[in-house]
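The values are calculated or read from the model by the stated rules, or taken from the named source; none is laboratory data. Everything numeric in this text was worked out from a predicted model, so none of it was measured. All Cβ positions, even for glycine, are placed from backbone atoms using ideal geometry, and neighbour counts span all protein chains on display.
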Amino acid sequence: MATTLTSTGITFPDATTQTTAAAAAFASGTAMIFQQTAAPTGWTKSTTHDNKALRLINGTVGTGGSSAFTTAFGTPSVSGSLSGTVGATTLTTTQMPSHTHSVLKYTPYGGTFASYFSQIDGYNGGTGSRQTNATGGGGSHDHSFSGSLSSATASINVQYVDVIIATKD
């Protein structure tokens, strides 16, 4: 048995009833929350607020919002469609990771490449390979995005307890 409030007192789970000052315990017009479908005897169920959430405040009381509780929290799934275009980005040297290149030296007929290497870094004769100096700074870069999200829904599935508001007669 649960604790119940009646017009003559408060009845506790052990079946004892508190009647002393019960009538004066709550002044007429006092609003209270009850976790039950109907208002207790001596109380009137308020139907002004239906399908709403409760908000605790430390200032002046009021109401607000425009969506019903089951509309705001009752969406069945998370889905949607995202479409758009990613903009191209040309990397600068500072945005590239630091790296080197391996260059193969081969002296073809006439020695054209051999003389080229000799001119740029003193590399002389025969075949082989050489690494270029490291370049790049490892910085970041961005890509622009232009698009839209459509048919998006989200499921919050908040647990709740139904209550009523009743005022003392």
Quiz item: Which members of region 52-72 meet the condition of being surrounded by 11 or more Cβ atoms within 10 Å (Cβ to Cβ) and either touching a Phe, Trp or Tyr at 6+ places or on another chain (Cβ under 8 Å) or over 24 Å from V158 (Cβ atoms) (or both)?
Solution: K52, A53, F69
Practice problem: Might you check whether a residue that is over 22 Å from V158 (Cβ atoms), of a type in the set (F, W, Y) and in contact with a strand residue (DSSP E or B) (Cβ under 9 Å, 6 or more places away or on another chain) occurs anywhere in region 27-41? | Solution: no
Quiz item: Within region 38-96, which residues are under 20 Å from the mean Cα position of the chain (by Cα) and of a type outside the set (G, A, S)?
Solution: F69, T70, T71, F73, T75, P76, V78, L82
Exercise. Quickly run through region 1-34 and pick out the residues that are modelled with pLDDT of 75 or more, polar (S, T, N, Q) and either surrounded by 13 or more Cβ atoms within 10 Å (Cβ to Cβ) or not in a loop (DSSP other than H, G, I, E, B) (or both).
Key: T4, T11, T17, Q18
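Which fully enclosed strands (runs of 3 or more DSSP E) of region 107-169 have 1 or more residues being at pLDDT 80 or above? Give the derivation first.
Numbers: elements: 128-131, 145-153, 164-168.
Those strands (runs of 3 or more DSSP E) span 145-153, 164-168.
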